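The values are calculated or read from the model by the stated rules, or taken from the named source; none is laboratory data. In this text the structure is predicted, and so the values were computed from the model without any measurement. Note that we place each Cβ from the backbone using ideal geometry, even for glycine, and neighbour counts take in every protein chain shown.
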Amino acid sequence: MTRYACVTGADRGLGYELVKQLLAHDYTVFAGRYHVEWKLLDDLRKEHPDRLVLVDLDVSTDESVAQAAAFIRSRTAILEVLVNNSAITGDNVSTIADPLNFDEMLKVYNVNAIGALRVTNALYPLIVAGSKKLIMNISSEAGSIGNCYRKGWFAYCSSKAALNMMSAITHNNLKEVGGQVILIQPGWMKSWLSGKYHDEAPLTPDIPAAKLIGIIESPETYKGNSPAYIDYEGNPLQF
């Protein structure tokens, strides 16, 4: 039986590595592509022409998400796994004493929080129809209010806190049909999150991706009344 998964923000970094891991575990993967100039997914599709499906997807717009969801529904009525990975950072320097770019904050919030909700809302019937019924939202320890220590990162931190709340509300629905929402802190990775490559981090994305596939394949480990909020090693985080 074919197992279907969908990953947003799959062009590069963690999203791309998660697509590779899901393919290695025999999933057919709908890979949300935003940066069409990046060819990693095109090259990967040559290796998996029957199981890797590229989907143009901008999670920040209703129209793009609706079109992507319609395309996915034309290929399958069931999704076992949805991974909401798309994210941007915004200003990570300014404090409350500095001029703040509120338009940029709205853009970050729209991608990181509402973007994940848009995709989840559009694909929710397919998730419910699956046997695994798993939504994995890539969050961050930056979304923890209880452990907040930063003096900046207004946009990113608040967007991840909002994602956590949206995930909790979604979980309250999904648990009633046997499903689970899992929030993941993937660790400090070398990434393109800010729009340019940062290589000062200790992790390459393939390391947490390999751990996350284990969580995806054993979601019952984290089933509960509330969404699991854990790091990529499975350690619990404080909301």
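Table for the structure above
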| item | result |
| --- | --- |
| Residue count, region 127-136 (criterion: of a type in the set (A, V, I, L, M, F, W, C), surrounded by 19 or more Cβ atoms within 10 Å (Cβ to Cβ) and without any contact (Cβ under 8 Å) to a residue 60 or more places away in the chain) | 2 |
| Subset of region 29-39 (residues that are of a type outside the set (D, E, K, R) and surrounded by fewer than 19 Cβ atoms within 10 Å (Cβ to Cβ)) | His35, Val36, Trp38 |
| Region 169-183: number of residues that are more than 19 Å from the chain's Cα centre (by Cα) and in a loop (DSSP other than H, G, I, E, B) | 1 |
| Residue that is nearest to Ser144 (Cα to Cα) [pool: residues in region 209-239 that are polar (S, T, N, Q) and in contact (Cβ under 8 Å) with a residue 24 or more places away in the chain] | Gln238 |
| Sole residue being out of contact with any Cys (no Cβ under 7 Å at 6 or more places or on another chain), at pLDDT 95 or above, of a type outside the set (Lys, Arg) and crowded, with 24+ Cβ neighbours inside 10 Å, chosen from Leu44, Leu22 | Leu22 |
| Failed item in (1) closer than 16 Å to Val7 by Cα; (2) surrounded by fewer than 22 Cβ atoms within 10 Å (Cβ to Cβ), with Ser139 passing the rest | (2) |
| Count - residues of region 116-142 that are within 15 Å of Ala161 (Cβ to Cβ), under 14 Å from the mean Cα position of the chain (by Cα) and assigned to a helix (DSSP H, G or I) | 2 |
| Region 194-205, subset surrounded by 15 or more Cβ atoms within 10 Å (Cβ to Cβ) and either touching a Phe, Trp or Tyr at 6+ places or on another chain (Cβ under 9 Å) or assigned to a helix (DSSP H, G or I) (or both), residue modelled with the highest pLDDT | Pro205 |
| Check on Val19, among the hydrophobic types (A, V, I, L, M, F, W, C) and in contact with a Gly (Cβ under 7 Å, 6 or more places away or on another chain) | no |
| Every residue from region 143-161 that is among the aromatic types (Phe, Trp, Tyr) and under 17 Å from the mean Cα position of the chain (by Cα) | Tyr156 |
| Residue among Val81, Val128, Val119 that is aliphatic (A, V, I, L, M) and in contact with a Ser or Thr (Cβ under 7 Å, 6 or more places away or on another chain) | Val119 |
| Complete set of residues in region 88-103 that are buried (at least 16 other Cβ atoms within 10 Å of the Cβ) and either outside any loop (DSSP other than H, G, I, E, B) or among the small types (Gly, Ala, Ser) (or both) | Gly90, Ser94 |
